[in-house]
Amino acid sequence: MSSPINFPDSDVEMQEEDSVEQSMLDAPRRQPLFDPATPSTAGTPRRSAVPSTPGIMARRALGMSTPKSAPRTPLFEVGSSSPMNFPSSSPKKASRAPGRPYDGDFPSSDPIDFPSSPSKTPTNRRGDIHSTFSLTPSKRSSRKQPPTNRGDLFSDDMNSDFPDRPPVSSGPMFSAPAAPSEDEPDEIRAIWGTTVNLAETMKTFREFLRGFKIKYRVNHDREQGKHRTLGSPQEGEVVLYEQYLRRMRQTGETNLNLDMVNLLAYPPSKKLYTQLTKYPQEVVPAMDQVLKDLMLELAEQDQNHGFDEMSGVQGEEEIAEIMTKVYKIRPFGIGAVNMRELNPGDTDKLVCIKGLVIRATPVIPDMKVAFFRCSTCQHTVQVEIDRGKIDEPSRCPRDVCASMGTMVLVHNRCEFADRQVIRLQETPDAVPDGQTPHTVSLSVYDELVDVTKPGDRLIVTGIFRSVPVRVNPKTRTIKNLFKTFLDVVHVKMGSSGTLAFDKSTRPAGGDRIPGVGGVGGAEEEEEDEARKEGRRTRRAAMESKLKELSTRPDVYELLAQSLAPSIWGMDNVKKGILLQLFGGTNKSIARGGGGGGPRYRGDINVLLVGDPGTSKSQILKYVHKIAPRGVYTSGKGSSAVGLTAYVTRDPDSKQLVLESGALVLSDGGVCCIDEFDKMSDATRSVLHEVMEQQTVSIAKAGIITTLNARTSILAAANPVGSKYDVDLTITKNIDLPPTLISRFDLLYLVLDQVDEMLDRKLAQHLVGLYLEDSPETAGQDLLPVEELSAYINYARSRIHPVITEEASGELVRSYVELRNAGDDPRSNEKRITATTRQLESMIRLSEAHARMRFSSFVEFDDVKEAYRLMRDAIRTSATDPKTGKIDMGLLDTGVGQQDRKLRGDMGKELLNILDGAGNRGIRWTDALKQLEGQSSIRINTAEFSEVIKTLEREGLVKVVGDRERRTIRRIEGA
Amino acid sequence: MRMSFESDSLDRFDLPLHEMVSARILDAVRNPSSVIIDLYDEGRNTQTEFPPHVTSHFSTVFDTQDSVQQIPPLSLNHPPTVHPDRSLVRFRAMIQDISSPEMYLSRLPGGRCGGWNIYQDITTPGSADINLRDLRERSVFWAITVPGESQWHAGRLERTLFNKAPDVPSIPPYITSNCHKLPNPRSTDFGVFLKIYDEALTKDLKFMTVATFVGILAWESIGTETEAESLALPVLHVTNVQVPTPESPPEPPRNTVTAVYENLVDWVSQEALAGDKVAAEFVILCSVARVQSRNPPILPPSLQLTGVPRPNNGSSTPAICSILSKLLPLFSVVGLSLEALNNDRFVPESNGEDLSSGYLQVPAGSVVLLTEIGIKEGNIIEKGVRNLRDVQHVMSNQSLRCVFPFSQFSFHTDIGFILIVEGRRSPFFTTDISLPLQPQIKDTTRLYKDESEIKMPDHQQLDAFRDLLSGAKRGKNLTVSKQVAELIEHDFVEERKVDKSVTQHDLATKITIARLLGRLFRADELSIDLWERAKGLEAERKKRSQVQGMAAN
């Protein structure tokens, strides 16, 4: 019966194998077996490393043997037909009456199978399906029977059905053949009450698995307006699911994640999408069946082709193992709907919702097959679960015995599956204004049990169920109330919702959140998600609105205005902060030492210094509300612990756990620190690391770790004497180490100056604001906070501008100009007005400005604006009050050029005095007096001691004695 | 199966016979269930959804204020225990929690009506009789009697035929078993489940919405089949909902407004604030403030009255509490003490799916008075610190942050805050306005007295006070003429010339005061007089603060 010639599609397969190999040669990076686009099985969160058949845990717990340990005897059934066989494995089926509903044929109802052989090949009893169809797994038939014999449906099999299958060498061809619609009048297994022909469905699915190539998806995406380019045309020719199946065989995985968009993308299988959505109960088991058939077929095919790992005994074992396994399709990829959109009409349909796990029960052993024994005649009967219920036989089925009420449940011979009930709650972003979140129950089974824990955000695909609530468990009376829940077929861990973070701070593919259990799966997660949702939610509307907004010529002003509408003026400060919110792009050098250089931060740090009562705190609070992952903390209240992270003992588990502080929490966002100057030195020192290295190092209670804190910092500080003294330099006005100050890209002085013009304008603003009935419509239009926040999130996640040639030229020019600003033609001394730090800041600001425009290129004007902001900030903060000139030295070292010169002069003079005083030296106070006598300006004692310290360091003088008796001596010979 | 409805709800009340009561109203009130059944049977063959029929029927029957008043009220005075089972009641309540919707069978086996729990349980031989296509969704809310609603206000709204039934003390207050769902767990408030069948009705029902719900009151055991003991709780199967539109109180003649206001200030200062008129004015101003705009935020100013002496003995509830409860429709007092801070809930918090209430879950327009008089030395534990932070957050942002498992939700509030502080400033909270109390009479015990000791003005006067305040709360904003705007600007510039420490915050406070004064006086435009008066008040307040500051130094 078996003849290899009858593998009609083998040639094609061969060719395709070739093509796979070809592509490997062409593009060595791409390894089809470990497709980087799909999560590796190793990375999937699974409870156990060993793939478990359903119920394995529960059965182990009950001391029962698992089917795996005793491979069943599938061969014994070859040729024999189970009453439930599908056409693929049973030609006998063809004799069935047409249109006969597919009922009453489960193995459980066939008494002949019992009691002698309760266990056969593992039946596919999926807890999530409760199907009336209990499909037998396929026999190892394909091997013995050529495909032509496997029922008429597959008479011509693939090759002939696909006459126009694109040859490999040809370019991408997107018209896949339409599904052959051979009507099989003898054999129609329709889903009850519908015209869906199950055999047809199975055949189509089989074709899908065999024929789907990545190019179909690419084409489909293109139609949906999403573009993705493939590395090479060969990439598009990869038969995706065959790859997956091989990988499943190699890894022992039994679940196949099926992206339903792929069903839509492959023209012949389009209708499967609707069928699967509408009748998952029937279609999923059918698909499981096809999967297993194909697993076997592929294994044998590979064996025949002499694949390495499939040769000889190993191959036989491999195939035998496949026989024992239960394979499951886990469909996903339908657009997630809001939980509150689920309605009674969705009952028993496949739906997809998103939410937050708030509670999960422990594992519940769920009875799948009950084992009854007649207490009179010892006859045993197995009863399978049907729609969540097990019907206890009222009488012994043996005609001889037939005694009533003698059947007793034998617990340890029943089969159980793992089950868990999860409560899923809506996330804040999905809840309409003024509503509280809804909650829904999820039932998860088998591999999906314990995959999630409370606090996880999930995207689940499952079948929506409604079951009546009984008045009490013992009666048949039900309340007019139905319990609803989801039988979950696929779980995907979602990423954060409101806590949007800058994705570029994450390593590529680093913390990928894979689909759970099994092979195949999510490819472009977030974007995909956003797109799918976009189809039906307001997100799409929002997106187009944002895009429209970005084209407005005054978008910069509008956004800056909306940032803190109740604060008048401070336009440049608002603009600087606005650009901080957008941020520059993060760069890292991909090549070079150590296989990847350091990461250059794109975060822009801003410091506001100024008089009390100038709304600094208000600005911070606005930003904290708008910023992605904004965290607000006050320097006064926060210790180093509160900013970084601390270690506590979890009250429940008594385990040490690391809790994140503000800086870590705002990773990828903005951390607002008020009262920056009130912070203790220890706390502040942490910021040095954060602002340059962007990490936080923890060494506490035996936990030594480095956490990422890739955060922009917006800080506000008050001057030392509560009022800013314009006669002093900024470093003297704020009690902060210059090293820290220099780490801020923009430093703004917010001074409260009494200026009649400004005051009048301020008063006008306030009068208008407080006395209008609805201030938001008053003249200027403002964006609501949500919209502004959405705008910024969108820009941060989607737009990564690149610097153009022109812009880079302007950057260089501006930098040189800024440095030259220090040149004073009247003297030959050079002040430093800009350092490379300022250049970096300027680059970040230009990038942020481009991002704000939704432009993917940094252009001339972006740099211009960045330069303007920089100059403005430098002008206010780095102006030496003595000379009125810009001097970055003020920020970098805390000492201005003028002071440095003064000190030098003072030191020279002091040496002269000392030289005159001879060996005994000169008293501290006398020296000061003498100097003062010579000098035209008053000598600052602090400055004086600073000078002496310098001279001491240089080894020119020595100070002996202390306090009043301090004497300064000139060191001889020096 | 049909339950019998021997409702005597009307018989108990002395219904005046001269009232012309339409038969339809009587029917609906006497036997609401059979009205629904009749409606259902009539429309059995139509394909349209049934619940909107019920809504439209009941809202046409009860379309006037008079007809609504013929429905027995469910309220503190008429708790659920006094109503016969399955009678029609109206319930003025605030939505405290919104549950996930439930599914029910809209058509029972035998083609009977499935909603409004007319037939409670279904006995079925098998699941075959149940057609899952008849499943419909109903919304479930938990509504509580409006927290902090003053008795006089509730009485005004109840204003029914049944008011004649004297509030016999023999009706024991109904103590709900879900007291964690009340903002003040020690109050006699109670809650009721609302089941709403018509989706259109739920459109305007949001968290903390206040509305009048008309429906059939029944007692049902809530709880799943797994729970052995389930509690019987009152459930209102809603037939129609009235979300109140703010009714404007009778507009007082303009010329009397000033006199009423002065009388009010006199009365409040004399009875509650030891003769301090400025304090009385600030208290009144802050109680009529409301959220004017959220973006940019122009929120009601919060006030702290500092330097309020401790009571010598007896009650630590200041007399101002009783006075304000006589004047304001929605007013709650929260006595801060270490015990309350450390143990009580101030903002709602969700445990699993059940949202527990907190003191600050009060409807928009409420005034909350916090007294720090009861604070003694001691520890504040973590919960206390969180409570303080949450209260401050509501005060400065007018948004209620509710903690849900692994997430947080914010809800808009509109609460006026008045703080009574013993020291120079509140150790816990920062407020927009801080005013040291200056008792004009030596006997500070007059700040604390029982309600009975308060000298009440006559009814007419009291009503005038109330109308003045509620009118001001709802009143529209005033316009400002160019001339006055210039004056304000000029004042500010001049002030800054003299005193550098004057900030925009000072100006904002002054404008706010002027605005509130204008609303009290029913002014359309900000006049120079009003501005001067506001300036005067603010100057007085500043002076006091400086005096207090100097005294401390």
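Miscellaneous remarks
- Here the convex hull built on the C-alpha positions of chain B has a volume of 193 cubic angstrom per residue.
- Formal net charge of residues neighbouring A:ARG419 (Cβ-Cβ distance under 9 Å; K, R +1; D, E -1): -3
- Distances between placed amide hydrogens fall under 5 Å for B:THR479 paired with B:GLU525, B:LEU526, all partners being 5 or more residues away or on another chain.
- Global geometry of the stretch B:476-553, whether rounded, prolate or oblate, following the gyration tensor of its Cα atoms and the 1.5 cut on a/c: oblate
- Cross-link pairs beyond the 24 Å C-alpha cut-off, checked among A:LYS349/A:LYS545; B:LYS482/B:LYS543; A:LYS621/B:LYS482; A:LYS328/A:LYS349; A:LYS292/A:LYS368; B:LYS455/B:LYS535: A:LYS349/A:LYS545; B:LYS482/B:LYS543; A:LYS621/B:LYS482; B:LYS455/B:LYS535
- Across chain B, the mean sequence separation of Cα contacts (distance under 8 Å, 6 or more residues apart), normalised by length, yields a relative contact order of 14 percent.
- With the simple model of a label 7 Å out from the Cα in the direction of the Cβ, A:VAL960 to B:ASN255 spans 9.9 nm.
- A Cβ-based charge dipole, computed about the Cα centre of the stretch B:254-473 with Lys and Arg at +1 and Asp and Glu at -1, lands at about 440 debye.
- The distance between label points at B:ARG401 and A:SER403 comes to 7.0 nm (points 7 Å beyond Cα on the Cα→Cβ vector).
- Sorting B:THR64, B:THR431 from the fewest to the most surrounding beta carbons within 10 angstrom yields B:THR64, B:THR431.
- Beta bridges by DSSP in chain B, antiparallel share as percent, to the nearest 5: 65
- 5 angstrom amide H check on A:THR711, placed H, neighbours 5+ away: A:GLY668
- Each of A:GLU316, A:GLU223 was scored by other Cβ atoms within 10 Å of its Cβ. Arranged with the fewest first, they read A:GLU223, A:GLU316.
- Computed over neighbours whose Cβ is under 10 Å from that of B:GLY215, the net charge equals +2, Lys and Arg +1, Asp and Glu -1.
- Karplus-derived HN-Hα couplings along the stretch A:436-452 (A = 6.51, B = -1.76, C = 1.60, θ = phi - 60°), whole Hz, x at Gly and Pro: 9, x, 8, 10, 9, 8, 10, 10, 10, 10, 6, 4, 7, 5, 6, 7, 10
- Residue by residue, the stretch B:298-310 carries 3J(HN,Hα) couplings of 10, 10, x, x, 9, 10, 10, 9, 9, x, 7, x, 5 Hz when phi is fed to the Karplus relation 6.51 cos²θ - 1.76 cosθ + 1.60 (θ = phi - 60°); x denotes Gly or Pro.
- Beta-bridge orientation, the stretch B:254-473: approximately 35 percent antiparallel, per DSSP, counting only bridges with both partners inside.
Where a number appears in this text, it was derived from the coordinates with a stated rule and is not lab data. Computed from a predicted structure; not experimentally measured. Don't worry about glycine lacking a Cβ; one is built from the backbone with ideal geometry, like all the others, and counts go over all protein chains shown.
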